[in-house]
Each structure stands twice: as C-alpha cells, then as structure tokens.
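Below is one structure, written out as structure tokens; comments come after it.
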Amino acid sequence: MSIDIKKELGQAKIEQRIVYESGNEMAAYAAHQINYHIMGYFPISPSTEVAQFLDLMKTNGQHDIVLIPADGEHGSAGVCYGASTAGGRVFNATSANGYLYMLEQMPVQSGTRFPMVMNLVCRSVSGPLDIHGDHSDLYYALNTGWPILMCRDPQAVYDMNIIALKLAEDPAVRLPVLVASDGYFTSHQKRRVQTFAHREDVQAFVGEKPQGFPDTLDRNNPITVGPYMNEPDYINNCYQQSMAMYNAGDVYDRIREEYADLTGRDYPILDLYRMEDAEVAVFLMNSASEIIKDVVDQLREKGIKAGSVAPNIIRPFPAKQIAEALSHVKAITVGDRADSYGGHGGNMVNEIKAALFTYGNRDTLVLSRIYGLGGKDFYAEDGHNLFQFAIDAMQSGKVEVPFDYYGHTPGDPAKAPKRVLTPMRYEDLKTGLITVTPDENTGKLNVRVPPLRSLTKKPKRIAPGHGACPGCGIFSGLELFFKGIEGDIVSIFHTGCAMVVTTGYPYSAHKATYIHNLFQNGAATLSGVVEMFWERKRRGELDHLNLQDDFTFVMITGDGGMDIGMGPAIGAALRNHKMIILEYDNEGYMNTGAQLSYSTPMGHRTSTSNVGKKQGGKVFHHKDTAQIMAATHIPYVFTGSEAYPQDLVRKAAKAQWYAQNEGMVYGKILIACPLNWLSDDQEGSNIVGAAVDSCFFPLYEVEHGMTTLTYNPEEKSKKIPLSDWLKTMGKTKHMTKPEYADSLKSFEDEVERRWNMLKAKHDNPYL
C-alpha cells in the first residue's frame, strides 16, 4: 500500500522527513544533528555501528563531532567524563560487558553532576558469551544515578536521543542520561522513521547549554572536581543527587509534551494500551512491548479485558503512575528480560510490587517471568502465554507460581554433549625433533628445527571445522606457531575472531584445554592459572596425573585485544609469569566489524576510519606492541609471519623454553584478514610477506634485552617500497592517490624510522 505522507507526519509544527533506518543509524543521526563536541567510544556489538555511522558522516563533512577511539570501554568512559567537565556536549554508545567495564565511572559522572548522553544498546552479559539482546546490562545501570529512557523502536531511539540531551542539561536535573534500546531487535532492524528535516530545528529545540554549569576550562573560576568528602558532606551530596533524579521525572514529562507539540509524537511516562478497564495485563519493556499490543487486541476480540503497560522511563521509576494504572487490574504478568539472581524475580517485578504496596494496592496479583534471555525471540504466542498466567491467577484468585523462567527447556541427559575428538596423546605432541639448548657464552638459545615437512605429522591443536572466513590467516598462523611447541598446552583466548569461530556451543574446535575470558583480562586470568599450576605441583596435588613435562601456558589475543588488554598484559609481564602471550595482529577489531584498533596503520580504511573528502583513513600511527612489551624486560619477545615459516617455528620453540624456564614471552604475528583488508582470499601469505619485505612488519627477536633481526630484506636485496605492499589491499589503495600524499609520506617516514631504530638495536646490544 502507498504511504499517506500527510498522515504519517501528523500535525507537526516543524518540517519533517521520512527515512528508513535502524536504531543505531537513528542514534547516530540524532547525534549528528545535535552536533556534539566529543564522542569517546570503543567498539562492542551491537552498539558499534553508532560510531561507525558517525565516522562515515564525518568523512563527508556532515558534522563536527570529534570521535575519540579509546583503548577500551573504561577508557571511553574516562574520555567522556573528562570532556563533560570541560564544558561541552558529550555522547557515547556501548553494550553488555563493555558497559560493565565502564561501570565504576558511571556513578562518578552522575555523582559530580556532569551531563552527557549515552546509548546503551542492550545485550546479554557473559559468561558464557552471547552477543544478542536482553536487559542484563540495563539492570546494572539502575543504581548508577543516571535517568534512563526506553526505546521500543528506531523512531523512539531518534526521538529519545533528542529529548535526552535537553533532560540532561535542565538545571533542575543536571545528570547524565542513558538511552536504552534492544540490541539487534531495535539496533539493526530498519523501520520507517520521521526526523526533523533541518538540523537548525533540532538545535533550537535542544537550545544552548544552560549557563552556570561547572567548567574546568573557565580560567576565571577554577574549580575542584570530585573532591574527597567526609560523611556529612557526602550524604548531602547524595541527597541532592537523589532530588535531581526525582526532578528528572517531572522535567521529562514537561519536555516530552513540548516534543509532542512540535513533532506530533508523544512518549508519556507510561505507554498504556487499552488499560482503561483492563482486568489482566502484561508489563514488558522496549521491543517486546509492541508485539504484546497485537495480543491485547486478539484477547479483546474474545471478550477478555486485557491491556499492556510499558514504561518510557525507568529511572526515576514511575511508581505512582504504575500503581494508578494497575489500581483496577486483577492480575498482571511482569516480564523481565534479565534475572536478579536470588531476588525471586527481575528488577522490574520487584519494583512494581513495591509500587503497589506503597500506594496501598494489596489486591492485584503479580506474577514474575524471566523471558527472552540471550536474544531469544518473543512472538505473539509467547504473549498469549504470559497473559494466560495472569488469566489463570485471576480466575483462581491466587498465584500458583509467583516466579519462574519462561521459554527455557528442561535438560535431557540423552542429549548431553559427548566428546567428539579423542584427546591428543603426549607421545604425538612430543616429537623430539626440535631441540633447544642454552648457549653459555652468548646467553641466547640455540635451536634446531627440522625441515617443516617432518613436523606435519604432529596433530593440529585446533580441529578443522571452525567457522572462520575464507582466507583467514589466524589459524594457519597459529598452527604454524604450535608446530614449534612440544607437549601439552593450556590456552586462553581473548574475545575475538579466533575465540568466536572455534567455540560454538555445544562443540569446540580446541583439542587441548581451553579457557575464554574477555578482551581486557586474559593475561591476568592466565597468570592465575599458571601460578595455581606451580603451587599445586609444589604441594604434590598433581602427582596422580603423571605429567611427563610441565604444561606450556599460552594466551592468544588479537582483534585489538592488546588495546583494551594492554594493562593486564604489562602487569603479567612485570610479574614475569611463566607463560606466552601470542598476538595475532589483523590490524583491527575484526570480530566486531573491522573498526580501527591502535594496531591499525596510519591511513588504513576501517569502519571507524573511513575515507572521504574530509578524511583519509586512520589519522594516527600504529602501536608497536612488541616494543612496548620488550620495554618490560621480559626474557623473550619476537615477531613472526607465516610467510617465513621456519623462522616462526624456531621462535615458537624458543618461546616455549623461556616460558617453561624463565618467565614471560610475548610474540606478535601479522595475519591477513581478506574480508576486511579487501583482498583476495588466497593472497594472505603473499600480503603478509610483502609487509615484511617493505619493512612495515620486521622480523626480529629480543632475547634478554638484546635485539636481533632474524630477516633483513635489505641485505637480501628483497626490500620493496611500502606503496607496493599497500597496493595489495583494497583498504589501502587510496593511499597512493595524490590527495593522500601527506598521509602516505607520514606513514613511510614512520615505518623507515622504526626500521632504522631496529637496525641500530641489532648492531648495538645496549640499545
């Protein structure tokens, strides 16, 4: 059917236009119309696209927002807090464990009363890892002191982002505001959305930032932000913050009326559907609250007085409004998309019970059901079932099961996961073909590696059948490295492509013991495993295993894991645990959609360093993690490439000896990502080989502080221009165009500087 534009646009007082976009796109669209000063961000699905869309718009000159890629969500929260103290307007977006990683910053920002707007694109909190939508991250936000606005569809995401800033900056509120939408349900599904046609109208509605806010850049009025407070002052500060939060409810109500008058779209504190005479009701939030309306209509056709309740704001919690809406309801099922473990229901049901009790309602029967966890879909038939729980309670006059999960399945012992692969035998892993012996004169290791064909009989430590993209260099690089490791290993993988594509429950491609922990904490986690091994061995608690050799402990990181995970890695290095950290460098956050990482080279195109008339790829140089780790003075650091297999296997053997006898080892291998490097699947080894020959990725080792180049393309007359390597990938072909000559020159100069520095270190053992 055709669209009636006049009807769609309603009685708006400003010119509007209709677009067809997703929730993430609309969050970015609202932000660009507001034209914030700063966005500090770090990629995490499903919120990552917000920064991506803003970066793409910036390349075309559509806004002036400074986009700051942080080293992790904790860092992004710090960027935003610092920027908000400096007097400007600040924006961010995150999800799930990323939000939890920044959680300690949230009450700091609200407690010191600096406004900003952050989109929480709701997602399951691991473990185990699940990237789909529920409200388990949102419920952690309830006690942080941020007003929380809810968005049931992309239209609401757009509108609430505009309302949120005006709410945050109201002098009676002056708090940071959270805008919550459902990951993948709302964030990625496209819908028809009405927007302000002109940025000027958005900015007129929001208005100038009110005067009188604290500003760390006001030299005429120096201030102290976040001082130490004793008890009487602290409780007064908390009281003022509490009053501001309750003020936010009244201020929101006023702002939404202004917005409705301007646009024709209204977001009352409670979205009540056919509740005027309802006897049974269901309470749901965000995307599911739209589906339940169809169920209400169907039940009404059967003569059942059904209705639904959905909040547009949950902080401050609309207790009085909920009590009034349910005053004549006989039974209600409250659906929580997250559990408050041990609380006999999720957060919403317990707050609704408290609201009813507070306002004298002892009659409405309340049932709690936890639903939709891990992104489990919610359909109309599920809505009918939730209503049936309430109908049964109304008819019987009592609640048989006050709290339960809905949609879970009982376990079946017959379907318990069974071992598919036979564990590898120690005899097959310990070939004896590789020998490592210390040289008493040089202090270095002498390594004998046989022809690689003789190592092909060693079993692969990662089974075939994983879900990596065609041409992915991770597993060819890892398996080549593991060819140099003899005996048993225990590995831990950071979150990333290597982790995700090998561990789809109930199966695993790992044939050795494997652990997963998040980006930021793998090194600390493996440190605990390592020290537990040595202590249990000392106490004799592992004697029954008849271990023929000590384990080799290996942490695999990549996909930018040495940005967010750098701190714990340095901590583990300084403690010098006996373990190996191996970084596969694919030059980006490939597991979340190819955003820039600090390992992305200058000028390279990613989804957050786009190429356009105002921007030519990443604008700063890549991080040299191998040199950073060498500066911690661990026994051994190396770089490697599958294009030079003998060299990599030899270094792996050295790494194992040092990790078992002296302490920490750090290795970095460059691997190809054809999907996001925009290169041919079969060209990965050639491309990383060209990176070595161009001196972008030199092969060397740092043994007890002494640097040795293990391959010098200049000496072998194989050095190629850096531009020859760049031409092999679609993500860098633009760099050879005249308009990006300055960026290319800066990149070439930096690569040459680092190469000359390495040559100097190779020649002088004291550098």
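The values are calculated or read from the model by the stated rules, or taken from the named source; none is laboratory data. Being a predicted model, the structure only gives us computed values, none of them experimental. Reconstructed Cβ throughout: ideal geometry from the backbone, glycine too, with neighbour counts over all protein chains shown. The area values use the complete protein model at the heavy-atom level, side chains included, leaving out ligands, DNA and RNA. Shrake-Rupley method; radii C 1.70, N 1.55, O 1.52, S 1.80 Å.
Values for this structure:
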{"item": "Within region 176-205, tally of residues that are out of contact with any Gly (no Cβ under 7 Å at 6 or more places or on another chain) and open to solvent by less than 10 Å² (accessible area, probe 1.4 Å)", "result": "9"}
{"item": "One residue from 290, 276 being outside any helix (DSSP H, G or I) and either open to solvent by 10 Å² or more (accessible area, probe 1.4 Å) or of a type outside the set (A, V, I, L, M) (or both)", "result": "276"}
{"item": "Pair list, Cβ under 7 Å, 6 or more apart: region 197-225 residue without any contact (Cβ under 8 Å) to a residue 24 or more places away in the chain, other residue aliphatic (A, V, I, L, M) and open to solvent by less than 70 Å² (accessible area, probe 1.4 Å)", "result": "none"}
{"item": "Matching residues, region 714-750, being over 19 Å from residue 596 (Cα atoms), in a loop (DSSP other than H, G, I, E, B) and among the basic types (Lys, Arg)", "result": "716, 718, 719, 727, 737"}
{"item": "Wholly enclosed helices (runs of 4 or more DSSP H) of region 466-567 bearing at least 3 residues of a type in the set (A, V, I, L, M) and open to solvent by 10 Å² or more (accessible area, probe 1.4 Å)", "result": "522-538"}
{"item": "Test: residue 262 is outside any loop (DSSP other than H, G, I, E, B), within 30 Å of residue 295 (Cα to Cα) and aliphatic (A, V, I, L, M)", "result": "no"}
{"item": "Checklist (1) in the same structural domain as residue 205 (by the TED database); (2) open to solvent by less than 10 Å² (accessible area, probe 1.4 Å) applied to residue 282, failing item", "result": "(1)"}
{"item": "Qualifying residue in region 113-131 (condition: among the acidic types (Asp, Glu), in contact (Cβ under 8 Å) with a residue 24 or more places away in the chain and crowded, with 23+ Cβ neighbours inside 10 Å)", "result": "no"}
{"item": "Near pairs, Cβ below 6 angstrom, 6+ apart or cross-chain, from region 46-70 (among the charged types (D, E, K, R)) to any residue that is assigned to a helix (DSSP H, G or I)", "result": "49/24"}
{"item": "All positions within region 427-453 that are assigned to a helix (DSSP H, G or I) and open to solvent by 40 Å² or more (accessible area, probe 1.4 Å)", "result": "427, 428, 452, 453"}
{"item": "Members of region 611-646 found to be in a loop (DSSP other than H, G, I, E, B), out of contact with any Phe, Trp or Tyr (no Cβ under 9 Å at 6 or more places or on another chain) and open to solvent by less than 20 Å² (accessible area, probe 1.4 Å), listed by number", "result": "618"}
{"item": "Residues that are open to solvent by less than 30 Å² (accessible area, probe 1.4 Å) and on the phi > 0 side of the Ramachandran plot, drawn from region 371-406", "result": "372, 374, 375"}
{"item": "From the options 580, 564, 556, residue that is of a type in the set (A, V, I, L, M), under 22 Å from the mean Cα position of the chain (by Cα) and closer than 19 Å to residue 487 by Cα", "result": "556"}
{"item": "Residue within region 301-318 that is in contact with a helix residue (DSSP H, G or I) (Cβ under 7 Å, 6 or more places away or on another chain), more than 9 Å from residue 281 (Cβ to Cβ) and part of a helix (DSSP H, G or I) present", "result": "no"}
{"item": "Residue tally, condition touching a strand residue (DSSP E or B) at 6+ places or on another chain (Cβ under 9 Å), within 29 Å of residue 738 (Cβ to Cβ) and touching a residue at least 24 places away in the same chain (Cβ under 8 Å), over region 588-609", "result": "13"}
